[in-house]
Each structure stands twice: as C-alpha cells, then as structure tokens.
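Working notes, beginning with the structure itself.
The values are calculated or read from the model by the stated rules, or taken from the named source; none is laboratory data. The shown structure was predicted, so the numbers you read here are calculated from the model rather than taken from an experiment. Cβ placement follows ideal geometry from the backbone for every residue including glycine, while neighbour counts extend to all protein chains displayed. Quick note on the areas: whole protein, heavy atoms, side chains included, nothing else; ligands and nucleic acids left out. Shrake-Rupley method; radii C 1.70, N 1.55, O 1.52, S 1.80 Å.
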Amino acid sequence: MVNWIWLFFIVAGFAVAAYTGNIDSVTQAVFDGSKTGVTVSFGLISIMVFWLGIMRIAEDAGLLKRIASLLRPVVRWLFPSVPSDHPAMGYIMSNMSANILGLGNAATPMGIKAMQELQKLNPDKTKASAAMSTLLAINTASITLIPTTIIAIRLNFGSANAAEIVGTTLMATTIATVVALLTDKWYQRKHFPSSKG
C-alpha cells in the first residue's frame, strides 16, 4: 500500500510540474535530492561506525550486561509468559539496551532474533502472541537516552549544538513508551484474556 502512495505522489508531482511548465525544477530537485542523500549517508556512516565501536567497547566492558541486569525485573514484568531462561529473554534485553542507547541499527537484528524465538513459544503460529505484541510496542516507542542517528544528521547539516535535543528526545520517547505499554496492556486484557500480561 505504501508503494502505491509513493507512486501516486511521484506521478502527481511530475504531472503538476509538466502542466505548470516546471519540469526543469523537478529534474533539478531530483538531482539535488540524490546529492543530499549521498552526502547525508556518508555523514551517517561515520557517526554510526563511531557509535557501533563505542557499543562494542561497552559490550566488551560489560556495560550491556549491566544494563540488561537492570532491565531484567522490568522485562520479567513485561513478558510474564516467556520463561526466564529462554533465549528470547536475552535477545529482548539486548534489543532494549541498544534502543536505550539510541542504536536502532544495532537493535534491529536482536529484535528480529527475539521475534523468531518468541514465535517458537507462540501456540498459534498464524497470529502474534501477547509477548510479540509487547516487544513490537517497546521496539517502536523505545526510551532513548542518546539519539545518535538524529545527532548525526544534525551534525551533518551544520548544527551548532547537535546534542541539544537529548532532553526533549528523552521526554518524548518516555511518553511514547508509557503510552505504547499502556495501550499494549489494555489490548492484551481485551484480546489475550488467558495471558498473564
């Protein structure tokens, strides 16, 4: 569906440009957009490599394990149907730790592995389980301490104080996470009455 929406916007844009005689402006915008995309990508690559390196150092130093141990009681409360010794728990805590540190790209593979492990516990393979819904809600609206990707984009565009968004990002992601979890719990009570969550 999204592809059709984008196709409509592209075709409509070209049609309006052709009708108003501004096709040259559209062509110039396409080339400018491509150039900007490549420039931003190179800027993001350098920042992401830096933060992934920091993440690796933090992992080797045991910081991720410490964060995971702090998250363990919360994760047990959020995912009561998942056994504490199941591999999914480790992936869930790693995913949450990476998201908290603003490393969404590093969190994605762990989130996928967590979903695969949760699917093994799912009694109905055709529908998402309560635990899978909770993980999706948390992963989508995760509390973020350091929004590394946004900081990288702001730096790339010459922001004088790229990190000034840390406070507002923390507040916004905290509110988003609370709303997502409350909605998830409400949904579970309505559609998963047999689940412990």
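Just to be sure before I move on: is ILE151 under 23 Å from ALA98 (Cα atoms), modelled with pLDDT under 90 and of a type in the set (A, V, I, L, M) in the structure I sent?
Numbers: under 23 Å from ALA98 (Cα atoms): yes; modelled with pLDDT under 90: yes; of a type in the set (A, V, I, L, M): yes.
So ILE151 passes the test.
Looking at ILE138, ILE92, ILE112, can you tell me which residue is free of Cβ contacts under 8 Å to residues at least 12 places away in the same chain, within 19 Å of ALA68 (Cα to Cα) and assigned to a helix (DSSP H, G or I)? Break it down into steps so the answer makes sense when it comes.
Values: ILE138 fails: free of Cβ contacts under 8 Å to residues at least 12 places away in the same chain; ILE92 fails: free of Cβ contacts under 8 Å to residues at least 12 places away in the same chain.
None of the other options fit; the residue is ILE112.
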Verdict on PRO123 being in a loop (DSSP other than H, G, I, E, B) and open to solvent by 60 Å² or more (accessible area, probe 1.4 Å)
yes
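Matching residues to (1) free of Cβ contacts under 8 Å to residues at least 12 places away in the same chain; (2) farther than 30 Å from SER129 by Cα:
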position	(1), (2)
THR36	yes, yes
MET48	no, yes
ILE57	yes, yes
GLY62	yes, yes
SER69	yes, no
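Among the listed residues PHE14, PHE50, identify the single one that is exposed (fewer than 13 other Cβ atoms within 10 Å of the Cβ) and either in a helix (DSSP H, G or I) or β-branched (Val, Ile, Thr) (or both).
On the way: PHE14 fails: exposed (fewer than 13 other Cβ atoms within 10 Å of the Cβ).
The match here is PHE50.
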Of all residues making up the stretch 175-190, the number that are closer than 19 Å to THR144 by Cβ and surrounded by 14 or more Cβ atoms within 10 Å (Cβ to Cβ)
5
Pick from SER97, SER84: which is open to solvent by 50 Å² or more (accessible area, probe 1.4 Å) and either in a helix (DSSP H, G or I) or over 30 Å from PHE157 (Cα atoms) (or both)?
SER84
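Based on what the data block shows, is ALA131 open to solvent by less than 20 Å² (accessible area, probe 1.4 Å) and of a type in the set (A, V, I, L, M, F, W, C)? Outline the logic, then answer.
Numbers: open to solvent by less than 20 Å² (accessible area, probe 1.4 Å): yes; of a type in the set (A, V, I, L, M, F, W, C): yes.
For ALA131, the condition - open to solvent by less than 20 Å² (accessible area, probe 1.4 Å) and of a type in the set (A, V, I, L, M, F, W, C) - is met.
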